[in-house]
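Participant: Structure incoming, see below.
The values are calculated or read from the model by the stated rules, or taken from the named source; none is laboratory data. If you're wondering where the values come from, they're calculated on a predicted model, not measured in any experiment. Methodologically, a virtual Cβ is constructed for each residue, glycine included, from the backbone with ideal geometry; neighbour enumeration extends over all protein chains shown. Quick note on the areas: whole protein, heavy atoms, side chains included, nothing else; ligands and nucleic acids left out. Shrake-Rupley method; radii C 1.70, N 1.55, O 1.52, S 1.80 Å.
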Amino acid sequence: MSNASLVTAFILTGLPHAPALDAPLFGIFLVVYVLTVLGNLLILLAIRVDSHLHTPMYSFLTNLSFIDMWFSTVTVPKMLMSLVSPSSRAISFHSCVAQLYFFHFLGSTECFLYTVMSYDRYLAISYPLRYTSMMSGCSCALLATSTWLSGSLHSAVQTILTFHLPYCGPNQIQHYLCNAPPILKLACADTTAIEIVIFVTVGIVASGCFLLIVVSYVSIIYSILRIHTSEGRCRAFQTCASHCIVVLCFFGPGLFIYLRPGSRKAVDGVVAVFYTVRTPLLNPVVYTLRNKEVKKALLKLKYKVAHSQSK
């Protein structure tokens, strides 16, 4: 971090909206946040208490639910505070650094995790007889750990590149969170090289992961079409449909913001809501409503809670 920075705090301008919408937006985002946390907690508890779900697929889903719960927590509470009180839009320099780091850490880890999950589905469908040996507990733990380490490294690069610059003038961030593109606009130095490096690193991670997922699913579709029974093909498609839905909802807005020329402040803020607020809620909804095993586990969890309360 640069010692030349004179700014001790930033002001988050928030989402562009009329003041009259403060209360409705607060209510909407509060409900979404509570449902996100509760939904992901329920999935974590259901997988933990049901031994039938102690498989690689649900191990990765556990990681995903944990990430989504905290990914939403990094951004939404501060946005809610800003909607309640304009004075809460201020964020200290070091808090901004922390928010940027954890935002990119959890976001890039989720990006890597989606890629690993698509690879897991590829092995499960293309090599069903060898799947257990190929995706052993050790392999599963190694893949999960690698996603967290890769996400941490990628985020550290973004954070260091952003905050090693001096900030000595305007301090209004045109966003509802501390993100690299709007922060770099406030630097008292030439940011061209830094913006190019960030563009390239984010581009390599996002587009690379997305392409690997596409390759995995092309291979999966090819394997599914070779299944002789229509029931088997239908079951295989249903297994992958949930993952495809959340992948598209996560990568679409992210690629739109980071991998296009130019920047539109209002548009970027609104689009960012899709992957910082909506996707963390979408994951438990999709994986619960479209997954019979998770629904059974939730019913078991409900029965255990009811049974313990009746004693």
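Participant: Taking region 112-234 on its own, what percent of its Cα-Cα pair distances exceed 21 Å?
Facilitator: 57 percent
Participant: In whole percent, how big is the carbon plus sulfur part of the accessible area of the chain, probe 1.4 Å, protein atoms only?
Facilitator: 70 percent
Participant: P(r) tail for the chain, what percent of Cα pairs lie past 25 Å?
Facilitator: Beyond 25 Å sits 54 percent of the P(r) for the chain.
Participant: Counting only helical runs of four or more DSSP H residues, what would the 222 nm mean residue ellipticity of the chain come to if each run contributes -39,500 (n - 2.57) and the total is spread over all its residues?
Facilitator: Mean residue ellipticity at 222 nm (helix-derived): -25500 deg cm²/dmol.
Participant: OK, next. Of the listed peptides 80-93, 47-60, what is their order by residue-averaged count of other C-beta atoms within 10 Å, with the highest listed first?
Facilitator: By packing density, highest mean first, the sequence is 47-60, 80-93.
Participant: Of A144, P284, L299, whose Cα points farthest to the positive end of the dipole of region 9-309 (charges on the beta-carbon: +1 Lys, Arg; -1 Asp, Glu; origin at the Cα centre)?
Facilitator: L299
Participant: Along the charge dipole of region 9-309, pointing to its positive end and built from +1/-1 on Cβ of Lys, Arg, Asp and Glu, which listed residue (Q172, Y127, L83) has its Cα farthest out?
Facilitator: Y127
Participant: Can you return the aspartates and glutamates within cross-link range of K300? Criterion is Cα-Cα under 17 Å, with same-chain partners fewer than 8 residues away left out.
Facilitator: D50
Participant: Note down the magnitude of the dipole of the chain about its Cα centre, charges +1 on Lys and Arg C-beta and -1 on Asp and Glu C-beta and zero elsewhere, to the nearest 20 debye.
Facilitator: Approximately 980 debye in magnitude.
Participant: A further question on this structure: If amide hydrogens are placed 1.01 Å from N in the peptide plane, which non-local residues have theirs closer than 5 Å to the one on L12?
Facilitator: A90, I91, I173
Participant: Sticking with this structure for a sec: Hey, what do the phi angles of region 110-125 turn into as Karplus ³J(HN,Hα) couplings, whole Hz, using 6.51/-1.76/1.60 and θ = phi - 60°, x for Gly and Pro?
Facilitator: Whole-Hz 3J(HN,Hα) from phi for region 110-125: 5, 4, 5, 5, 4, 5, 5, 5, 5, 5, 4, 5, 4, 5, 5, 8.
Participant: Once amide H atoms are placed 1.01 Å from N in the peptide plane, what residues at a sequence separation of 5 or more from Y167, or on another chain, have their amide H within under 5 Å of its amide H?
Facilitator: Amide H neighbours of Y167: S5, L6, V7, C188.
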